[in-house]
Amino acid sequence: MNFPIVLTSYNRPHILQQCVKSLLKNNLERKIYVFQDGPKNKIEEKIVYKCIDICKNLTTNIFVNNKNLGLALNLKRARDFIFKNYDQAIFIEDDVYLHSYYIDQLEDLYSKTNHYPFGIFSCYGDLEKTPVFNNIFTNSE
């Protein structure tokens, strides 16, 4: 699995910075696209620039909207772009803090699906109760 990673960001630099730090700890031998939502007003323009600076550690593929779209439309914008160029992708929102093996675990889980052609592939959980994914599937099922 070498799907691109899509990160959607919503003008929360303090949260985004934690997400980017956690993403950088993963296996990132893949393209990464960031879809940064635009500002709601002139004051938020500085916040948007701060978010862009944070994401420069990840990629140069940063798409910034000139006005605020909100969560649903920013995600739609990301999906529309990605699915014009790729069949599959990993989508992550800026408020997700990833375990350092998150991408590897997605690859492991995906391999167990016999490479079923998912469009969007992701998993979620409670960071305080992180499960152990080793041998999550058994042949006895």
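Each reported figure results from applying straightforward, stated rules to the coordinates on display, with no laboratory input. No experiment lies behind these values; they were computed from the predicted model shown. Cβ: placed from backbone, ideal geometry, glycine included. Neighbour counts: every protein chain shown.
One table, with the values for the structure above:
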{"item": "Over 22 Å (Cα to Cα) - which of K31/K67; K21/K42; K42/K67; K40/K76; K31/K76; K31/K84 fall in this group", "result": "K31/K67; K21/K42"}
{"item": "Spin-label model distance (nm) - S100 vs K42, 7 Å beyond Cα toward Cβ", "result": "4.6 nm"}
{"item": "Net charge of neighbours whose Cβ lies under 13 Å from the Cβ of Q17, counting Lys and Arg as +1 and Asp and Glu as -1", "result": "+1"}
{"item": "Magnitude of the charge dipole, region 17-73, Cβ model with Lys/Arg +1 and Asp/Glu -1, debye to 20", "result": "60 debye"}
{"item": "Eligible lysines near K25 by straight Cα distance, threshold 22 Å, same-chain separation 8 or greater", "result": "K50, K56, K129"}
{"item": "Efficiency of FRET from Cβ geometry, N114 and K56, R₀ 35 Å, rounded to 0.05", "result": "0.40"}
{"item": "Residue-wise HN-Hα coupling along region 70-76, computed from phi with Karplus coefficients 6.51, -1.76, 1.60 (Hz; x: Gly, Pro)", "result": "x, 4, 4, 6, 5, 5, 4"}
{"item": "Built amide H within the under 5 Å cut-off of F91, gap 5+", "result": "V6, F121"}
{"item": "Low-density loop positions, trypsin sites (Lys or Arg not before Pro), region 1-54 - DSSP coil, at most 14 other Cβ in 10 Å", "result": "K25, R30, K40, K42"}
{"item": "Amide hydrogen neighbours beyond the local backbone of L69, cut-off 5 Å, H modeled", "result": "G38"}
{"item": "Square roots of 5 times each gyration tensor eigenvalue, C-alpha, region 51-120, largest first, Å", "result": "25, 17, 11"}
{"item": "Where the Cα pairs of region 1-107 fall when distances are cut into 10 Å bins, in %", "result": "15, 50, 30, 5, 0"}
